[in-house]
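Here is the structure we will look at, set down as structure tokens.
Here, each number is a calculation from the coordinates, and none is a lab measurement. Bear in mind that the values here come from a model prediction, so they are computed numbers and not experimental data. Every residue, glycine among them, receives a Cβ derived from its backbone with ideal geometry; neighbour counts consider all protein chains shown.
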Amino acid sequence: MAASSAGPLVTAEALTRLLGDVSVLDVRYRLGGPAGPEEFASGHVPGAAFVDLDRDLAGPPGAGGRHPLPAVGAFQAAMRRAGVCNDRPVVVYDDWAGHAAARAWWLLRHHGHRDVRVLDGAWSGWRALGLAVETGPGSVPGGDFSAGPGTSAMVDAAAVQRVGVLIDARAPERFRGETEPVDPVAGHIPGAVNVPTSRNLTDQGLFRSAEELRAVYAEVGAVPGADVAAYCGSGVTAAHDVLALEIAGVPAALYPGSWSEWITDPTRPVSPASRRRT
């Protein structure tokens, strides 16, 4: 399995043929949803290891936002516990239409893993096809993954407003500042454009084709050769847009701190300006 040549996705049918030759990571996560470990134990892809997004794919919340990047050493240790090896392909899935899986995909690539894919259709797609399910807490041999420089680009708060096409991956009503169910300030980073992650998927929960995604992102100027970055509320769902852009052939950076970091500094501008609250 060579992700660089085959793209960042793998179908459920293809994964059934790869089991035993890849490391499979289950990133069960949803805000306010069922607890991941319990859901994992009730059923998962055979041979998968559970990865906790809050513990393994993010650092402690604070000035860096609600889901800042984990420390390099902590991420490396988490991936080793999950059986990830430098020379073994990785497939990641979740039960959240690929949002949490995209975060793991981005982090692994950012830290140098060269062969990572996301399961297209997620856990629900696997179950819909009636494919094999394993139960219990699971157990995998430890891995030897060594975190190093990778291919996933990022921007920080100091540089994000200089990006040519800055994409906000949140729902349109949050982008417009009409509602904000999570963070204490509503609105968006001035100059950003909105491509909610829902536009990346078909009605069946699969990623749209590369041609369709190119058309979606071309609407906001995110075309090959453009300077593109994405953000969201806390840096998790924006990775879904980065993944979709990868499928479309448009490399994009991630702003990991995203909106939840941006608003920690009251001197940073907010659009609409009237949406900043104290």
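Compactness of the range 84-199 was expressed as the Cα radius of gyration divided by 2.2 N^0.38 Å, which yields 1.34.
Compared with the dominant principal axis of the Cα atoms in the chain, helix 72-81 is inclined by about 30°. Charge dipole (Cα centre; +1 on Lys/Arg Cβ, -1 on Asp/Glu Cβ; no other charges) of the chain amounts to roughly 440 debye.
Over all pairs of different C-alpha atoms in the range 152-278, the reciprocal of the mean inverse distance, the Kirkwood hydrodynamic radius, equals 14.5 Å.
Close amide H contacts of VAL228 (hydrogens built in the peptide plane, cut-off under 5 Å, sequence separation of 5 or more or a different chain): VAL165, ALA253.
Take every Cα pair under 8 Å whose residues are at least 6 apart in sequence, average their separation, divide by the length of the chain, and the relative contact order is 21 percent. Put in line by how crowded their Cβ is, counting other Cβ atoms within 10 Å and starting with the fewest, ASP241, ASP120, ASP26, ASP87 read ASP87, ASP120, ASP26, ASP241.
By the count of neighbouring beta-carbon atoms within 10 Å, fewest first, THR135, THR16 end up ordered THR135, THR16. The tail of the calculated P(r) for the range 3-128 beyond 22 Å holds 29 percent of all Cα-Cα pairs. Among GLY235, GLY20, GLY83, the largest mean-square fluctuation in a Gaussian network model of the chain, built with springs joining Cα atoms closer than 10 Å, belongs to GLY20.
Taking a Cβ cut-off of under 12 Å around ALA252, the surrounding Lys, Arg, Asp and Glu residues balance to a net charge of -3, with basic ones at +1 and acidic ones at -1. This ranking places VAL223, VAL22 by how few other beta-carbon atoms lie within 10 Å of each, fewest first, which gives VAL223, VAL22.
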